[in-house]
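Report on one structure; see the data block that follows.
The values are calculated or read from the model by the stated rules, or taken from the named source; none is laboratory data. Values in this document were obtained by computation on a predicted structure and should not be read as measured data. Please note: Cβ atoms are built from the backbone with ideal geometry, for glycine as well, and neighbour counts cover all protein chains shown.
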Amino acid sequence: MTTTSDIIADQRRSGIHPCEFEGSVSSKSRWDDSAWLLDSPTRALSRSGIGIDWTTFPSELTPMFKELFWSIFISRPNGQPYAISQAQSAFSRFRYVAKWMHEQKRKSFASFSPALVTRFISDLKAHLRAKEKERDEDLTTASVTGYLKVLEFAFEQRTTLHARGVQGISFPPFGEASVWSIGDEIAPAIEAFTPPIPDALVIPIVSSAYHFIRDVADDVISLEDLVFNLESKDISKKNPRRISLKQFRKLRPALISEYAEENADRRPWLRELIKGHDQSEDGDAVTPAFRRLMMDVVAAAIIVLRFSTGIRHGEVLTLAPGKQNDGLPVCVTKETSVSGAYEMFFIEGTVSKGWDHPEDARWLLAAQVNGERRLPDAVRAIQVIETILAPWRDRSSDPDVHKQLLIQFGTHGFPNNPGHILPMLASQVGIMMKDFYERRVDWSGVDFTDPKISMFAGGGIRKIQSKQWRKTWANFVFRTDRKLLPAISQQFQHYSTVLTQDAYIGKDAEQLGLIGDAATERAIEFMADALDGHTGVGGMAKKAIDKLEDLKASVRGLTGTEKSEVIRDWLVERDITMWSAPHGKCLIGMMPTGSRCHAAAETLDWSNQVPNFATRNPRLCSGCACFAVGHEDIPFWAQRYLENKNIWEQAVARHMDIHYVVARDRYLASENVLKSLNVDIDQLAKDYADGY
């Protein structure tokens, strides 16, 4: 049987298109079929395959989109070919572009012009905004770039398309900007329309969630131990991974024996298991009741985690499973504060939104007084998830399951087959949270006649969207301490505080004024260090600051508050704001016509006071007259230097340097930035000889 993977491998090796050979694209489908069923090498999809329905495309555009779609799995001149497992998600983006072209009466990629690309981006924003209410999860940069990449493919694959009689796009559709930078501009603008969850709803939800992880979780873990103790007598010797369900029929009498009736009266969830209305005579219906209870505890832990940290539930899915020797989850690290007074807990995962590739990241999880024995609730939440799901994870036959903290069951009750224990999907996290709102939260004290929350009455409580938790956290922190906007931005792993400002804090005049004050304070601190000639200040903008003789004269001999006030007046008079990013700071207000990001976008103007976020990137910034760096930016540039220098040296050794000039340019630019901060490059290379 020739699978899709075999056919792709044959074409890569021979250069022969399926149409020129047998015409097959999978073991079941041919090129000319109106629908393809591609063979998936992924375990989760291997049985059903990957369906590609071409009847959903405008018929006049189907042939050229088939060619473009197939080509991205064979080879790409500017990146890795797509994996078959990505086919379905990519296909939905192709379908959108095809329907959009049909509406625009365009029958060829060759009909695209820069003006048409601009219209496409504008219409895409409108489309995504219209879909915002239907979307439960955050709109990520990755999902936006999926649409933009179709146009990028039509340009980069133009030679391959031409060989098949199809015209591609003849110019780079987005100029020098990357699809990620454009997507990173669009996503926050769409998210700005998502409100935080009303306080009247947040309070009962969070109260119930904390109750579950503090009080209910231990009982559920004990019940789970009881289940697996019963199971140990029923496991088949031939297949120790196989899960027996006989123990669940014994669970009800075991519960009654284990917990006295008076205990059950104090545990409403236990009363449901022992004598709930859904019990059958043989007690077998205790299975779904116990599963609901177990997964509701997991959902409560996720709610506590998201309320405590502001991370997306997609980022929760990147957390690693397992426990350390001290009992902390593997994904949690503990550090002592500089003063030694506090213990700080961090979670380590992966962030992809706003980055051109997934990046390892960490978020502050909790802090407590050093020596406190009880773990903070947010740490406890992850510990609960790990403890409850670990026994099931260990029984799974799917290797991907063993890499994820969160897992799900592919059955109504509990799985009796290891293959039915699967990695958790992002959509399932949202469903679990909504189930918790309905089943476990006491809404009796909430006045749903209030117009602000009346839409959530009854079953409307499921209208709460998962993505709203992120804004809820940001608003809670901001209202707690108005000086914490930079901390919110750092916790969100955003490129710039401006994204936090626009997408999460909103347009409130008082809040925006406070945000401006926070940005000004950072600019004052940086300017003071630069004027004093501190070695921890670098970048091209430092040269401009060095030439500010009038300002130097004004602050000469001043210290502390007096000096800060003079710098503040100077900045305010000129309306200069410092725009932050992980790779440095932009002082565009000092020299607007020197901005490289605006030059690249052809939007250069003396009145520019804000960088062009669509084109701004480390490469452009590193040589820009508006760009400045400080000690806090060294990790970014050191990592960029080491990684790209390592790539370049390996390419030279393999005589492939002509293909890796981008890596060379990146490491040389990074070297210049580091030198401006007086970093010892030779020592850096010695300390991190492996390139990381």
Report task. Would you point out which residue out of Thr194, Thr160 is buried (at least 20 other Cβ atoms within 10 Å of the Cβ) and either at pLDDT 80 or above or on the phi < 0 side of the Ramachandran plot (or both)? Result -> Thr160
Requested in this report: Would you confirm whether any residue within the stretch 545-562 is part of a strand (DSSP E or B), at pLDDT below 75 and of a type outside the set (S, T, N, Q)?
Outcome: no
Query - Residues of the stretch 413-433 classified as within 23 Å of Glu315 (Cα to Cα) and surrounded by 15 or more Cβ atoms within 10 Å (Cβ to Cβ), total - result: 11
Report summary line: Those residues of the stretch 309-343 that are of a type outside the set (Lys, Arg) and part of a strand (DSSP E or B) come to a total of 7
Query - Tabulated pairs, the stretch 595-608, first surrounded by fewer than 16 Cβ atoms within 10 Å (Cβ to Cβ), second in a loop (DSSP other than H, G, I, E, B) and of a type outside the set (Ser, Thr, Tyr), C-beta under 7 angstrom, 6+ apart or interchain - result: Thr603/Asn612
Query - Verdict on Ala115 being modelled with pLDDT of 90 or more, of a type in the set (Gly, Ala, Ser) and under 18 Å from Ser178 (Cα atoms) - result: yes
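Give the stretch 435-454 a look and list any residue that's among the aromatic types (Phe, Trp, Tyr) and under 28 Å from the mean Cα position of the chain (by Cα), or say none.
Answer for the stretch 435-454, where residues must be among the aromatic types (Phe, Trp, Tyr) and under 28 Å from the mean Cα position of the chain (by Cα): Phe436, Tyr437.
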Query - Inter-residue pairs, beta-carbon under 6 Å, first assigned by TED's automatic domain parsing to the domain that holds Asp123 and touching a residue at least 12 places away in the same chain (Cβ under 8 Å) and in the stretch 148-175, second of a type in the set (Ser, Thr, Tyr) and buried (at least 21 other Cβ atoms within 10 Å of the Cβ), 6+ apart - result: Gln157/Ser71; Thr160/Ser71
Query raised in the report: Can we say Leu128 is assigned to a helix (DSSP H, G or I), farther than 30 Å from Val661 by Cβ and not hydroxyl-bearing (Ser, Thr, Tyr)?
Result: yes
Requested in this report: Output the number of the condition that Arg666 fails; it satisfies all remaining conditions of (1) over 17 Å from Glu176 (Cβ atoms); (2) surrounded by 18 or more Cβ atoms within 10 Å (Cβ to Cβ).
Outcome: (1)
**Report entry** Those residues of the stretch 16-35 which are within 17 Å of Tyr82 (Cα to Cα) and without any contact (Cβ under 8 Å) to a residue 40 or more places away in the chain, in sequence order
**Finding:** Ser26
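Would the stretch 381-392 turn up any residue that is touching a residue at least 24 places away in the same chain (Cβ under 8 Å) and more than 21 Å from Asp225 (Cα to Cα)?
Our first condition is that a residue be touching a residue at least 24 places away in the same chain (Cβ under 8 Å); within the stretch 381-392, this holds for 381-392.
Now drop any that are not more than 21 Å from Asp225 (Cα to Cα), which leaves none.
The answer is no; no qualifying residue exists.
Just give me the residues in the stretch 638-655 being small (Gly, Ala, Ser) and either under 28 Å from the mean Cα position of the chain (by Cα) or surrounded by fewer than 16 Cβ atoms within 10 Å (Cβ to Cβ) (or both), in sequence order.
Correct list: Ala638, Ala653.
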Query raised in the report: Is it the case that the stretch 177-189 has a residue that's of a type in the set (S, T, N, Q) and either within 30 Å of Gly430 (Cβ to Cβ) or at pLDDT below 80 (or both)?
Result: yes
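Listed here are the residues, each with its yes/no results for (1) farther than 22 Å from Val179 by Cα; (2) outside the structural domain of Val150 (by TED's automatic domain parsing); (3) within 33 Å of the chain's Cα centre (by Cα).
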{"position": "Thr4", "(1), (2), (3)": "yes, yes, yes"}
{"position": "Glu22", "(1), (2), (3)": "yes, yes, no"}
{"position": "Arg76", "(1), (2), (3)": "no, no, yes"}
{"position": "Ser85", "(1), (2), (3)": "no, no, yes"}
{"position": "Ser89", "(1), (2), (3)": "no, no, yes"}
{"position": "Glu103", "(1), (2), (3)": "yes, no, yes"}
Query - Output for the stretch 396-412, where each listed residue is buried (at least 18 other Cβ atoms within 10 Å of the Cβ) and not hydrophobic (A, V, I, L, M, F, W, C) - result: Ser396, Asp398, Gln404, Gln408
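Collect the residues in the stretch 398-448 that are charged (D, E, K, R) and touching a helix residue (DSSP H, G or I) at 6+ places or on another chain (Cβ under 9 Å), keeping them in residue-number order.
From the stretch 398-448, those charged (D, E, K, R) are 398, 400, 403, 434-435, 438-440, 442, 447; that's our starting set.
Those that are charged (D, E, K, R) and touching a helix residue (DSSP H, G or I) at 6+ places or on another chain (Cβ under 9 Å): Asp398, Asp400, Lys434, Asp435, Glu438, Arg439, Arg440, Asp442, Asp447.
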Query raised in the report: Which members of the stretch 85-108 meet the condition of being farther than 20 Å from Val144 by Cα, of a type outside the set (Gly, Ala, Ser) and touching a residue at least 24 places away in the same chain (Cβ under 8 Å)?
Result: His102, Lys107
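Which residue is surrounded by the fewest Cβ atoms within 10 Å (Cβ to Cβ), if the candidates are limited to the stretch 325-340 and must be β-branched (Val, Ile, Thr) and in contact with a Phe, Trp or Tyr (Cβ under 9 Å, 6 or more places away or on another chain)?
First, pick out the residues of the stretch 325-340 that are β-branched (Val, Ile, Thr): 330, 332-333, 336, 338.
Still in the running and in contact with a Phe, Trp or Tyr (Cβ under 9 Å, 6 or more places away or on another chain): 332-333, 336.
Details: Val332: 24, Thr333: 15, Thr336: 11.
Of everything passing the filter in the stretch 325-340, Thr336 is surrounded by the fewest Cβ atoms within 10 Å (Cβ to Cβ).
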Report task. Within the stretch 305-324, work out how many residues are surrounded by 22 or more Cβ atoms within 10 Å (Cβ to Cβ), in contact with an Asp or Glu (Cβ under 8 Å, 6 or more places away or on another chain) and hydrophobic (A, V, I, L, M, F, W, C). Result -> 1
Report summary line: For the stretch 430-459, pairs from a residue that is of a type in the set (Asp, Glu) to a residue that is part of a helix (DSSP H, G or I), with Cβ under 7 Å and 6 or more apart or across chains, are Asp435/Asp296; Asp435/Ala299; Glu438/Ile461; Glu438/Arg462; Asp442/Pro204; Asp442/Ser208; Asp450/Ala200
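Across the stretch 664-680, what is the number of residues that are hydrophobic (A, V, I, L, M, F, W, C), closer than 14 Å to Gln639 by Cα and out of contact with any Lys or Arg (no Cβ under 8 Å at 6 or more places or on another chain)?
First, the residues of the stretch 664-680 that are hydrophobic (A, V, I, L, M, F, W, C): 668-669, 673-674, 677, 679.
Add one more test, that the residue is closer than 14 Å to Gln639 by Cα, and what stays is 668-669, 673-674, 679.
Next cut, out of contact with any Lys or Arg (no Cβ under 8 Å at 6 or more places or on another chain) only: 668, 673-674, 679.
Of the residues in the stretch 664-680, 4 are hydrophobic (A, V, I, L, M, F, W, C), closer than 14 Å to Gln639 by Cα and out of contact with any Lys or Arg (no Cβ under 8 Å at 6 or more places or on another chain).
Condition (residue is among the basic types (Lys, Arg) and in a loop (DSSP other than H, G, I, E, B)) applied to the stretch 379-387: is it met by at least one residue? Even if it seems obvious, please write down each step before you answer.
Our first condition is that a residue be among the basic types (Lys, Arg); within the stretch 379-387, this holds for 380.
Then drop every residue that is not in a loop (DSSP other than H, G, I, E, B), which leaves none.
Within the stretch 379-387, none of the residues are among the basic types (Lys, Arg) and in a loop (DSSP other than H, G, I, E, B).
Per-residue answers, yes or no, for (1) at pLDDT 85 or above; (2) closer than 18 Å to Ala163 by Cβ; (3) not in a loop (DSSP other than H, G, I, E, B):
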| site | (1), (2), (3) |
| --- | --- |
| Met1 | no, no, no |
| Ile8 | yes, yes, yes |
| Arg13 | yes, yes, yes |
| Ile16 | yes, yes, no |
| Ser27 | yes, no, no |
| Asp32 | yes, no, no |
| Leu37 | yes, no, yes |
| Ser40 | no, no, no |
| Ala44 | no, no, yes |
**Report entry** Residue in the stretch 617-634 that is crowded, with 18+ Cβ neighbours inside 10 Å, among the polar types (S, T, N, Q), under 23 Å from Ile182 (Cα atoms) and assigned by TED's automatic domain parsing to the domain that holds Met578 present
**Finding:** yes
